[in-house]
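Below: one structure, written as C-alpha cells.
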C-alpha cells in the first residue's frame, strides 16, 4: 500500500523479513528514474535486458532476473537518483569509490564503536556529500544518526536516505559478523514508498516523521569486535552495497571471531584478551563461550596457538629478528618458552625452520 505525502506522521511497523520479490524494488526504482528524467532503457540494456519490457502489461520478466542483473540495475538506478538529489542540492554525489574508501578506513578498527566514529570522520571530510554521521549512547541503548542535507523531502530524497541507512546497517552487521538486533529505524519523511519496497531495503520497525534519520540498537553491539579482514572486504566490495539479494551480515562462527581478535592483538603487539574479557565483548558468560567453542571443535588455547603459530612462521622469515624478538612479539616471556611451543606446533625448532627457508 502506498501512502501519499499528505498522510499524517505515523509509526509504521514492517515485519523483519523481505515480503516481496526483488523485482518489486527494481520496478519502483525504474519508475523513479523515469520521473527524474533518467534513461531507464539504457539501465536495462547494460544489464542485458531488452528495454521493451518497460511497456509490457505484465512484469513477469522481473521474476527471472539473475543476482548480477539485480545488482547492476539497482546500482545504476541508485546512481541516477542520488545524482538527481545531489544536483538539486548543488553538490556532487558520493560515488562508489568513496563508499569503498570509507569501508577500507573502518576495516582496521577494533570495535564497532571505533568503526562508526571513523566513518563519521571520513564523511565529515566530504563536506556534506555523504550526510553527517554521529553516534549517541545512553545506558543500554545506542543511536546512530545520519543527518540529511536534503531540503526537499520527496520520494527521491527518501530513497537516497533509505539506501544510506540500509548500507550502514548492513556494513555494521558485516563488520562484527552478526546481525544487529533488535534494530529500529526513524526517518524524517512520511511513508512515500510502497510498504513492501521499504521493507526490502530496511526490514525493521520504522518510525516516520522523526527529526532526522536514525538507527537504534542495543549499546552492547558497540563493544563487539570487528572480525572481518581486508581480504574479505575486497570480496564484499565487488557488489556492496548494491547486492540486496544476499545477507551481508550473516553470522560468522564464534571461533572465527575469537581468532580474528587474537590475530589483531598480536599484529598490534597488544596483550591477548583474557577469556573473561572475550566473554564480556560477546555479551555471554565464560561457560557459554567455552561451550560454543567446544561445539565448533576448538578452544581458547587452540585458537591462541594457531594465531601465534601463523605469526611465528611470518616473523621467522625475517633473518634480522632474533628468536627473543620473535618470542616477545608473540607474547612469550623468553626465547626458550617460544622454542618449546614452536616445536609442538611445527614439529621442529625455530632454527630448523629457518634453515629450511635458506
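Bear in mind that the values in this text are calculations on the coordinates, not laboratory data. Computed from a prediction, not measured in an experiment: that's the story for all the values here. Every residue, glycine among them, receives a Cβ derived from its backbone with ideal geometry; neighbour counts consider all protein chains shown.
May I ask you to order 174-182, 324-332 by the average number of other C-beta atoms within 10 Å around their residues, highest value first?
Packing order, densest peptide first, comes out as 174-182, 324-332.
Report D for the range 77-165 in µm² per second (integer): Stokes-Einstein, Kirkwood Rh on Cα pairs, 25 °C, 0.890 mPa s.
Details: Rh = 13.9 Å.
The calculation lands on 177 µm²/s.
Could you work out how far helix 254-267 tilts from the main Cα principal axis of the chain, as a 0 to 90 degree angle to the nearest 10?
Long axis of 254-267 versus the principal axis of the chain: about 70 degrees.
Taking 0.36 nm per intervening residue step and subtracting the Cα-Cα distance, what contour gain separates residue 270 from residue 351 on full extension? Before the final figure, lay out the partial values.
Details: separation 81, 0.36 × 81 = 29.16 nm, distance 2.56 nm.
Between residue 270 and residue 351, full extension yields an extra 26.6 nm.
Can you give me the relative contact order of the chain as a percent, contacts being Cα pairs under 8 Å and 6 or more apart? If you can, show how the numbers build up before the last one.
Values: 486 pairs, mean separation 66.5, N = 358.
Relative contact order, the chain: 19 percent.
With the chain treated as a Gaussian network of Cα nodes joined by springs under 10 Å, which of 40, 205, 270 yields the largest mean-square fluctuation?
It is 270.
Per-residue counts of other Cβ atoms within 10 Å, averaged by peptide: what ranking do you get for 213-223, 185-195, highest first? Can you show the working numbers first?
Numbers: 213-223: 18.7, 185-195: 20.5.
By packing density, highest mean first, the sequence is 185-195, 213-223.
By how many nm would the segment from residue 46 to residue 230 grow when fully extended, if each residue of separation counts as 0.36 nm and the alpha-carbon distance is taken off?
On the way: separation 184, 0.36 × 184 = 66.24 nm, distance 2.99 nm.
Difference between extended and current length: 63.2 nm.
Calculate, in nm to one decimal, what residue 126 and residue 153 gain on full extension: separation in residues at 0.36 nm each, minus their alpha carbon distance. Spell out each step's value before the answer.
Numbers: separation 27, 0.36 × 27 = 9.72 nm, distance 2.16 nm.
Value of the extension gain: 7.6 nm.
How large are Rg and Dmax for the range 254-357 when calculated on the C-alpha trace, in angstrom?
14.8, 45
Of the listed peptides 95-103, 260-268, what is their order by residue-averaged count of other C-beta atoms within 10 Å, with the highest listed first?
Output ranking for 95-103, 260-268: 260-268, 95-103.
Can you divide the C-alpha Rg of the chain by 2.2 N^0.38 Å and report the result to two decimal places?
Numbers: Rg = 24.3 Å, N = 358, 2.2 N^0.38 = 20.6 Å.
Ratio of Rg to 2.2 N^0.38 Å for the chain: 1.18.
So what's the angle, to the nearest 10 degrees on a 0 to 90 scale, between helix 155-176 and the longest Cα principal axis of the chain?
20 degrees
When the distances between all Cα atoms of the range 178-274 are binned every 10 Å from zero, what whole-number percent does each bin get?
Going from the shortest bin to the longest, the percentages are 12, 33, 32, 17, 6, 0.
Quote the FRET efficiency, to the nearest 0.05, computed for residue 288 versus residue 100 with a Förster distance R0 of 45 Å and r equal to the Cβ-Cβ distance. Don't jump to the answer; show the numbers that get you there.
Values: r = 37 Å, r/R0 = 0.81.
Calculated transfer efficiency: 0.80.
State the Cα centre-to-centre distance between the range 181-221 and the range 285-353 in whole Å.
45 Å
Using only Cα atoms, find the angle between the long axis of helix 22-35 and the longest principal axis of the chain, and express it within 0 to 90 degrees, rounded to the nearest 10.
50 degrees
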